[in-house]
Amino acid sequence: MKMNIFVFASILLIITFNHIGVYGNSAYQDADSLAQIWKNREIKISGKIDITDIATPAMEIPKFLSLSGLPHPSNDSIPEYISAQVTLRNKSLSKDSLCSADLMWVLRPYLQWLQNIDPHFRVEPQPVYFSDVKKADDISVFGFLSLNVNDTLIVDRSIDPLFQQGDRILRINDVPASQYLQYCYDDRHIYPFTLLTNYHYAIITALDYKIRLARKGNILEINTSGFPWKDVYLKLNRQREFQSRIFKDAKTGYFSIGEFYPNNNLLIRKLRTAILQARREGCTSFILDLRGNPGGNGHSFDRLLSIFINRPTIPYLKNERLKVSPWTLNDYDFLTSDMLGSVVEVPSQHMNKTIYLDQQLYIPGMQYYVLMDKDTSSIAASFCNILQYNGAVQLVGEPLRHNALKYGETVDARFGISGLYLYVSTVEFDEYTRAVDGVLMPDIAIPYVARDYLSGRDAMLDKLLEI
C-alpha cells in the first residue's frame with residue numbers, strides 16, 4: 001500500500017499543473033478549456049509571496065458530493081444528512097463563489113464522511129501554478145508539531161526553544177485554535193504548514209506569528225518569525241526518527257518509527273540493534289512506537305516482520321479489488337479499456353497472498369508491544385494488523401481509523417475546477433485480521449484526555465511502562 005504524508009511539504013513537492021479535474025460524474029481533460037476556466041476564476045492571495053487560488057462558484061458545490069466519478073473502488077451513496085449539512089454551510093456563507101478555504105469549510109461534513117470510508121481520502125488546498133510553489137520554498141512557519149486531543153492543541157515536540165512540550169495553544173495571530181481546526185481533518189498530529197495552509201492560506205498572509213498559550217497555569221504570548229517549513233518538517237521528524245531508549249526500571253527497550261521508506265534496510269538494521277542491545281542489558285520487554293506513522297513504502301517488509309514472527313510463512317491477503325480508471329489502467333496487464341468504470345477482482349497471480357519470512361532474523365526472548373494511535377495508517381496499519389493476527393505482539397493505545405486496512409495505492413488530481421487537490425485510493429484489500437467492523441482494536445487500550453499531556457509527559461507511553 002502507498003500512503004501520502006498530508007503536510008504542506010508534500011503539497012509543494014508533488015504539485016504539477018495537472019489537467020485532470022474530478023468531481024461527480026465529470027472529468028475535465030481538455031487542457032486548453034480547463035486552463036481558460038481557471039484563468040477566469042483566479043484570485044490572488046498576497047503576503048510573504050503571491051499565489052494563485054481558484055474561486056469556485058457556490059452553485060457548483062453539489063457536483064462535489066459523489067464517489068461515482070472517482071477512481072475509488074467504493075460506490076457508497078452519500079447520506080442525505082451529509083448533503084444537507086453541506087448545503088446549509090454553503091448558504092450560511094452567502095457568497096457567490098468560494099476560495100479554497102471556504103470550500104474546505106463548506107465540504108467538511110462530506111470530507112469527514114469520506115475519511116470514515118477510507119482514511120487515505122484527503123482534499124487539500126494547493127496553489128494552482130508550479131511557479132507559485134517555487135516561490136514558497138523558504139516560507140516560514142512556527143516550529144512545533146501539535147497534538148490534537150478533543151480539539152485541544154498541545155505542543156507535542158518543537159524545534160524552537162520558545163515552545164515546550166505540553167504547552168496548550170490558545171490563539172494564533174488572534175484567531176482561536178479551535179477556528180483553525182474547523183478547516184482541518186481530525187488528525188491526532190498536525191504540522192504547522194497544514195494548520196496554516198488550510199486556514200485561508202495563513203502560511204502566506206501571516207508575516208510573523210503571535211501565539212497565545214497556556215503553560216503550567218500561566219498565560220503567555222510568544223512572538224516568532226518562525227523557520228523555513230522544510231527545516232521544520234525535517235527537524236521535527238529527525239527528533240523521533242529511529243529514537244532508541246532503555247527504561248531500566250521497567251526492563252523495557254523502546255524504538256520509534258516515524259514512517260516507512262523506499263528503502264527500509266537502515267531501519268531494519270537499527271531496529272535489530274536496538275532490540276539486541278536491550279536484551280543484553282536485561283530487558284524482557286520491547287516497545288515499538290508507530291504512533292503518527294502515516295505509512296509509506298513496504299520495502300523489505302518480509303524481513304521486518306521476520307524480527308517478530310518465528311515462522312517460515314504467514315497469510316496476508318484473502319482478496320484484492322480495484323477500480324478500473326485512467327489512473328489504474330496501466331497498473332496491471334490484465335486490465336483493458338472496456339473495463340473502465342468497473343470494480344474488478346485482482347487475479348491470484350497478481351496478489352501477495354502469502355508472506356515468506358527469514359527465520360534467521362527472528363529475535364526471541366522479548367515480550368513485544370506496539371504503540372499505535374488513530375494516525376497510524378496505511379502500511380503502518382497493516383504492519384500492526386499482521387503482527388496482532390499472528391500473535392507476535394500486543395497492540396497498545398487507541399483503535400485505528402475505520403477501514404485503516406482496507407484501501408491503498410493513492411493517486412492525486414485536481415478536485416473539480418477548484419483550488420483543492422484530491423488524494424484517493426484505487427485498490428481495496430481484504431487482509432487476514434482480527435479487526436472488528438473494519439476497526440483494528442488494541443489489545444491494551446489506553447484512553448486519555450488533553451490534560452494528561454499538559455504536563456509535558458507522554459501519557460500513553462508512561463501508562464504502558466507502568467503495565
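Just how large is the dipole of the chain about the Cα centre, in debye to the nearest 20, putting +1 at every Lys and Arg Cβ and -1 at every Asp and Glu Cβ? Please report the intermediate quantities before stating the final value.
Working: 48 positive and 51 negative charges, 251 e Å.
It comes to approximately 1200 debye.
Quickly estimate the mean residue ellipticity at 222 nm for the chain, helices only: each DSSP H run with n ≥ 4 gives -39500 (n - 2.57), and the total goes over all residues, rounded to 500. List each step's numbers first, then the result.
On the way: 13 runs with 126 residues, N = 467.
That comes out to -8000 deg cm²/dmol.
Compute the distance in nm between two label points, each set 7 Å from the Cα along the Cα-to-Cβ direction, one at Arg457 and one at Asn265.
4.3 nm
May I ask which of Lys270/Lys318; Lys44/Lys91; Lys251/Lys318 have a Cα-Cα span longer than 30 Å here? Mind showing how you got there, number by number?
On the way: Lys270/Lys318 32 Å; Lys44/Lys91 24 Å; Lys251/Lys318 38 Å.
From the list (Lys270/Lys318; Lys44/Lys91; Lys251/Lys318), the Cα-Cα distance tops 30 Å for Lys270/Lys318; Lys251/Lys318.
Starting from the Cα-Cα distance between Ile246 and Lys44, subtract it from 0.36 nm times their residue separation and give me the gain in nm to one decimal. Intermediate results must be reported in sequence, preceding the final value.
On the way: separation 202, 0.36 × 202 = 72.72 nm, distance 5.23 nm.
Value of the extension gain: 67.5 nm.
So between Asn173 and Gln349, what do we pick up on full extension, going 0.36 nm a residue minus the alpha carbon distance? Before the final figure, lay out each step's value.
Values: separation 176, 0.36 × 176 = 63.36 nm, distance 5.59 nm.
Result: 57.8 nm gained on full extension.
Set Lys and Arg Cβ to +1 and Asp and Glu Cβ to -1, take the dipole of the chain about its Cα centre, and tell me which of Pro312, Met351, Ser378 lies farthest positive.
Pro312
Under the classification rounded if a/c is under 1.5, otherwise prolate if a/b is larger than b/c and oblate if not, where does segment 346-408 fall, given a ≥ b ≥ c as square roots of the Cα gyration tensor eigenvalues?
Oblate.
Which aspartates and glutamates, on any chain, are close to Lys39 with Cα under 16 Å apart, when same-chain ones fewer than 8 places away are left out?
Excluding near neighbours in sequence, the set is Asp30, Asp50, Asp53, Asp132.
Got a sec? Which residues in segment 128-148 would a label at Ser225 touch, if it sits 7 Å along Cα→Cβ and we count backbone N under 15 Å?
Inside the label zone: 138-143.
Sort segment 378-467 into rounded, prolate or oblate with this rule: let a ≥ b ≥ c be the square roots of the eigenvalues of the Cα gyration tensor; rounded if a/c is under 1.5, and if a/c is not under 1.5, prolate when a/b is larger than b/c, oblate otherwise. Let's see the in-between values first.
Working: a/c = 3.23, a/b = 1.42, b/c = 2.27.
Oblate, because a/c is 1.5 or more while a/b does not exceed b/c.
Output wanted: per-residue J couplings in Hz (rounded whole) for segment 194-202, from phi through Karplus 6.51 cos²θ - 1.76 cosθ + 1.60, θ = phi - 60°, x for Gly and Pro.
Taking θ as phi minus 60°, the curve returns 5, 4, 7, 5, 5, 8, 6, 6, 4 Hz for segment 194-202.
Amide H neighbours of Asp375 under 5 Å, counting only residues 5+ apart in sequence or on other chains, H built in-plane at 1.01 Å?
Here Arg188, Gly292 satisfy the definition.
Each residue of segment 44-49 in order: what ³J(HN,Hα) in whole Hz does its phi give by Karplus 6.51 cos²θ - 1.76 cosθ + 1.60, θ = phi - 60°, with x for Gly and Pro?
So the J values, rounded to whole Hz, are 8, 10, 10, x, 4, 9.
How big is the chain by Rg and Dmax over its Cα atoms, in Å?
That works out to 22.7, 68 Å for Rg and Dmax.
Using Cα centres only, tell me the gap between segment 69-123 and segment 327-370 in whole Å.
31 Å
With the contact rule set at Cα under 8 Å and sequence spacing of 6 or more, what percent relative contact order holds for the chain?
On the way: 1001 pairs, mean separation 92.3, N = 467.
It comes to 20 percent, rounded to a whole number.
Is the shape of segment 140-228 best called rounded, prolate or oblate, per the rule: a/c under 1.5 gives rounded, else a/b larger than b/c gives prolate, else oblate, with a ≥ b ≥ c the square roots of the Cα gyration tensor eigenvalues? Mind dumping the intermediate values first?
Numbers: a/c = 1.40, a/b = 1.09, b/c = 1.28.
In terms of gyration-tensor shape, rounded.
Hull surface divided by four, with the convex hull built on the Cα atoms of segment 236-333: how many nm²?
Working: hull surface 36.9 nm².
Over every viewing direction, the Cα hull of segment 236-333 projects on average to 9.2 nm².
Starting at the first residue of segment 263-280, write each ³J(HN,Hα) from the Karplus equation 6.51 cos²θ - 1.76 cosθ + 1.60 with θ = phi - 60°, in whole Hz, x for Gly and Pro.
10, 8, 5, 4, 4, 4, 5, 5, 5, 4, 4, 5, 5, 5, 5, 4, 5, 5
Taken together, the values in this text are just the output of simple stated rules run on the coordinates, not laboratory data. Predicted model only: the values in this text are computed from it and were never measured. In this analysis, Cβ positions are derived from the backbone assuming ideal geometry, glycine residues included, and neighbour counts consider all displayed protein chains.
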